[in-house]
Each structure stands twice: as C-alpha cells, then as structure tokens.
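Working notes for the structure below.
The values are calculated or read from the model by the stated rules, or taken from the named source; none is laboratory data. Model, not experiment: these values are computed from the prediction. As a convention, Cβ positions derive from the backbone with ideal geometry for all residues, glycine included, and neighbour counts pool all protein chains shown. Just the protein is used for accessible areas: all its heavy atoms, side chains included, with ligands, DNA and RNA removed. Shrake-Rupley method; radii C 1.70, N 1.55, O 1.52, S 1.80 Å.
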Amino acid sequence: MAKHKQHPTKPNPVIDPWMWARDYLSPLEFDNLIALLEKDLSISMRINQLKSDSTTITRKWEQAYEWAFSPIPFCGSGFWIADPSVSPSKTIEHRLGYYYIQEAASMLPPELFDFDGLDHPLILDMAASPGGKTIHLADRTMDKGLIIANDASRSRIPALRIVLQNWGAINQAITNTQGEWYGRAYPDTFDAVLVDAPCSMQGLRTSPSHSMRPITENEIRSLAKRQFHLLESALQSVKIGGQVIYSTCTLSPHENEEVVSRILDKYSKEIEMEDIQDKLPSPAPTITYFNGIQFHEQVKNAVRIWPHIFGTAGFFCAKFIKKGAIPSGKRMDARGKKPNMKGGYLNERESHHLTDMISSLYGFDLKNTIANQSLAYWQYKDNIYLTPSQLVFQFPELPVHSMGMLVGKYFPKGWQPSHEFVSRFGDLFTENIYILGIEHHDAWIRGEDIRGIKKTKEPTGKILLIRDTSGRNLGRGKMLSNRLKNMLPTRLF
C-alpha cells in the first residue's frame, strides 16, 4: 500500500494581544494600562432620547436610586455610574428601554456621523445585532431617518428585534443577509453606513457583551479579510458625499489600521478619511507602521482608543467620505431573499380613524409624530404597525424581516395597544391612567397581578396606562373584576 506523504502543517500561533501594547506604548503608558486593568470596567449607560431628556431624567434617577452620574466626554447622552447600590440592570426604566447599558467606547461610532442638513437620512447599519449602535443612530436622527438594520447571522436577529422594540425606534427595518451583498444590490444609495465589523474582540478588557478569548493568527487574518470586504461594500453602497464609519472593539492592527490602509490604497481617488481626532478630548493616535508595513498617510486620521486613555475597553474608529463612484460589479437583484413583510398600508380614511381612536382613548395625538417622522400605518391581519413610509417606495424589493413598531391589535372586544407603543409614548398619555400605590410597586415590577385594589369606573377589561406615584411609566395593565392584570411582557423578567 502506497504511503501518502505527510505535509507539515503551517504554524498557527495564538496571538498575544499584549504585544501590541508593549510594542506601541511608552513604558509609562504601559504601566498606566496595567494599573487600570486591575480595576473593573465602570458601568456605563446611554439615555433614550426618544423617551426622555438626559438632564431631567438623570436628576430623577439620582434621587430615586442614589446614582452618581459622570458624563462620557464623546457622547452627550452617555454616562458612567460609580458603584451603584441599585443595579441599573434591575430597574423598570431599563426594562422599558429608558436607557441602554453599553460599554462607553461603543458609543463613539454613531456620534461620528454628521446629520446636519439631512432631515430624513437613509442609513445602513451593516452588522447591527445586538442593536446598541442602531438605537443610538435612531436617537441621533430623533427617529426621522430610515435605518436598515442588517445582520448576517439569523440567530442574532431576535436579539436585534428586541432591542429595537424596547427602545421604541420606528423608522427602521431589519434584514438578514451578508453585508457584502448591499454594495452590489444597492450601490450609491445610503447617506450613511456604519460598519461595526465582526472582530476578534481583543480590547484588553472584558465586559458582559465583549469577552476576550484566545485567538489564532489565522482567525485574525480571516476576520481582516471579511472586514475589508464589508468596508468595501459599505463604500459602494453609500452615495457620493456620504459617510462611512468603520469600527471594531479590538486593538489588533491587522483588523484596524491595516484594513483601512488597504482600502485607502485601493480607492485612493474615490474616498478620503476624515480626521476625527478632534472628536475626542484627548489624543488617540493610531499605529502608522506595523510588521514592516508603512500604512497609508491618512490612517493617522482614525482613532485608536487604548483602555487607559478614557477608562474604556480598547476600540478603533475611522470615518470615510466618498468622493467618487466605486465599481460594484453587476448589480444584484434584491428579489427572492424572503421573507418580506406581509400586509399593506391603511388608506387615508382608515388612518384618520385609528389616530382619532387612540386620541380619544389616551388623550395622545399621533398626527404630528406621523407627519414629522414620515410614518404610515401598516396592517397585517389584526395587527397594526407604524412603519417608515420611505421603506416600501425606496426599497420595494428589500427582504425585510420586520419593520417599524407594533401599535396594537384589534380584538373582538376592542383595541389593545402594544407594550412597545405604551413604552414609547405613555409619558404623553393624559387619559385612562391608573396610579399604582407604592405598596404594590415591587409586586408589579416582578410581573405579578395586583389584587385587592380599588376598581376604577372604567369598564372591566379596559387597557390602562399604569404609573406610580412619582409619575413613572410602568407599562400596561388590564382592570378585571377581581384584580389589575399585569401586562408587562414575560421577556422582561
């Protein structure tokens, strides 16, 4: 029997992320980094600008929870909380999407877009799940820009959907396809594209959403190849004059400076990298030379955030402006990538009737919101949604998994508003409100029905907005003959 010749396998060493720190930081900076990493990451959160005002709401929470806030310097709605006695993950405000717990450095990419002069921008979040940056983009545009939130992993779509629901973002649609597809299917289309690229997560600090693990050189090379193609697709899909942000939560030069240098070399006439160093209160210089390679001169315009600079995890951001057309090959057909949303728009008479009914029930007029945010009602079976009016007209063949917000549902006995609708707009309701006594607060937060309370004059079965004695929105409740039924979704517990 012939013997097959054994070919030696190529070495595939595990990468030591500390080598980047040792090679590119001064001894003093390296010592500062080591000292910082002995401490836990500070808890950081971003306030929902669609539901509240940062200044007002943080003052309330300072009193209610004795939280000490300190501002994150590059995000106006972001704050650190020092040693909270009440965990921010356990409050009703967190469950209803009044804030999002997020590592501070991850708040930078959406802050780098300039939306001045863009009343209703078209935005693509190419690798969106779990959705923290998507909802940040919704805040940056006050939910007026249409955001296509895409993720290539089907298993990550449910998490993305839940985050968007909790936040109350309406001008958005979720897709599940490869990010590289957009450059060919929708060239020169978007005003802004975010590529928060899948990466090795070698940010030197571990958080619940970004845990470090051993990673090999081959894995990093494979990631860098994918990142380059995602960035290339983003630059193809953005309009001339449009903006692309590229970001990672790793400090690997292969995935950061090397990727953007390669794209600058390939499209030197079609793109330029905008200097974003002034977006930070302290310098965050990039690496300009690595493994014998001198990077493109514009790489210095990006930012490399070492943990000891701002007390965050490691991060990287670059901003591109498209100056000329970038070939994308043969344009791909968007059809055939099911599922698409079923149903259709309500006509003008039906829309007016629904808006008037909501106003009569809860004293809240949706007319201005619908007009200012360019929204339209969409019906599928008995479910009514508020959806981006641009979506079907500008992207009629886009394979959408979900879009907009569920407003409510028609039942044989009447109308039932959705949890998402009440969470987003409940603070503006003036009718059909039940004030829950402080003695029942803890039970309600645990998801329990409340018994032995005074019944309202409203008919049994009516859906009420529940508030506590301080005016906080506690979601929906249904008054029954023997109890107040808790209608907070079970997924919140």
Inset, instruction - Only one of these is more than 28 Å from Asp23 (Cα to Cα), of a type in the set (Val, Ile, Thr) and modelled with pLDDT of 95 or more: Ile263, Ile276, Ile271, Ile245. Name it. - result: Ile271
Legend entry - Residue among Glu29, Glu93 that is among the charged types (D, E, K, R), surrounded by 20 or more Cβ atoms within 10 Å (Cβ to Cβ) and more than 30 Å from Ile321 (Cβ to Cβ): Glu93
Inset, instruction - Considering every residue within region 389-400, establish whether at least one is over 30 Å from Ala185 (Cα atoms) and of a type in the set (D, E, K, R). - result: no
Inset, instruction - Could you please tell me which pairs satisfy a Cβ distance under 7 Å, a separation of 6+ or placement on different chains, a first residue in region 360-380 that is free of Cβ contacts under 8 Å to residues at least 40 places away in the same chain, and a second residue that is open to solvent by 70 Å² or more (accessible area, probe 1.4 Å) and not in a helix (DSSP H, G or I)? - result: Ala376/Tyr345; Tyr377/Tyr345; Trp378/Tyr345; Tyr380/Lys342
Inset, instruction - Name the single residue, out of those in region 233-284 being surrounded by fewer than 16 Cβ atoms within 10 Å (Cβ to Cβ) and of a type in the set (Gly, Ala, Ser), that is nearest to the chain's Cα centre (by Cα). - result: Gly241
Legend entry - Residues within region 214-232 that are polar (S, T, N, Q) and open to solvent by less than 10 Å² (accessible area, probe 1.4 Å), tallied: 1
Inset, instruction - Working only within region 44-83, note down all residues that are assigned to a loop (DSSP other than H, G, I, E, B), open to solvent by less than 50 Å² (accessible area, probe 1.4 Å) and modelled with pLDDT of 95 or more. - result: Asn48, Leu50, Lys51, Trp67, Ile72, Phe74, Cys75, Ser77
Inset, instruction - Identify all residues within region 15-26 that are closer than 11 Å to Leu204 by Cα and either in contact (Cβ under 8 Å) with a residue 12 or more places away in the chain or surrounded by 14 or more Cβ atoms within 10 Å (Cβ to Cβ) (or both); write none if there are none. - result: Pro17, Trp18, Trp20, Ala21
Inset, instruction - Within region 463-491, track down each residue that is part of a helix (DSSP H, G or I) and polar (S, T, N, Q). - result: Thr490
Inset, instruction - Filter region 49-89 down to the residues that are polar (S, T, N, Q) and in contact with a helix residue (DSSP H, G or I) (Cβ under 6 Å, 6 or more places away or on another chain), then identify the one that is farthest from Glu420 (Cα to Cα). - result: Ser77
Legend entry - Lone unmet requirement of (1) under 27 Å from the mean Cα position of the chain (by Cα); (2) closer than 30 Å to Leu25 by Cβ for Leu375: (2)
Legend entry - Residues (within 21 Å of Glu111 (Cβ to Cβ), aliphatic (A, V, I, L, M) and touching a Gly at 6+ places or on another chain (Cβ under 8 Å)) located in region 228-270: Leu230, Ala234, Leu235, Leu251
